[in-house]
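Right, one structure below, let's go through it.
The values are calculated or read from the model by the stated rules, or taken from the named source; none is laboratory data. All values reported here derive from a predicted model rather than from experimental measurement. Because the Cβ atoms are built from the backbone with ideal geometry, glycine has one as well, and the counts that use them run over all protein chains shown. Areas reflect the complete protein model, heavy atoms only, side chains present, ligands, DNA and RNA absent. Shrake-Rupley method; radii C 1.70, N 1.55, O 1.52, S 1.80 Å.
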Amino acid sequence: AEIEGATVRLHWTDQPYKGHVNEGAEVFVVLDGEVDMHWREGGQEHVRRLGPTDMFLADVGDEHVARPLGEARILVIEKTGSV
């Protein structure tokens with residue numbers, strides 16, 4: 001769905017996402033399952049395990065990639081046209 005310049009998607013996947021940098025902020029919410037979120041900040045890579053109800057906010061220009069651990073349901077809200 002698209003709402004006021006944002007795309008709202010529900011993903012059900014067990015496959016890693018492609019690493020990317022968004023042109024706008026992205027909200028990433030795990031609804032079910034577990035996901036390792038990898039991101040770079042200050043030249044260093046960080047990893048945080050996300051479970052149900054956990055949220056990750058990628059700001060403009062933040063390099064990141066999500067890697068589900070088995071099946072996961074994920075809600076992603078981002079600027080329309082982002083990767």
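When segment 27-44 is filtered for residues that are assigned to a strand (DSSP E or B) and either open to solvent by 80 Å² or more (accessible area, probe 1.4 Å) or closer than 14 Å to His11 by Cα (or both), the ones remaining, listed by number, are Val27, Phe28, Val29, Val30, Leu31, Asp32, Val35, Arg40, Glu41, Gln44. Residue-level check: of (1) loosely packed, with under 14 Cβ neighbours inside 10 Å; (2) touching a residue at least 24 places away in the same chain (Cβ under 8 Å); (3) closer than 17 Å to Leu10 by Cα, Gly61 misses just (3).
The set of residues in segment 68-81 being open to solvent by 20 Å² or more (accessible area, probe 1.4 Å), on the phi < 0 side of the Ramachandran plot and either in a loop (DSSP other than H, G, I, E, B) or β-branched (Val, Ile, Thr) (or both) consists of Leu69, Glu71, Ile77, Thr80. Taking segment 45-58 on its own, how many of its residues are open to solvent by less than 70 Å² (accessible area, probe 1.4 Å) and in a strand (DSSP E or B)? Residues in segment 45-58 being open to solvent by less than 70 Å² (accessible area, probe 1.4 Å) and in a strand (DSSP E or B): 4 in total.
Against the test of being modelled with pLDDT of 90 or more and among the small types (Gly, Ala, Ser), the options Gly81, Gly33 yield a single qualifying residue, Gly33.
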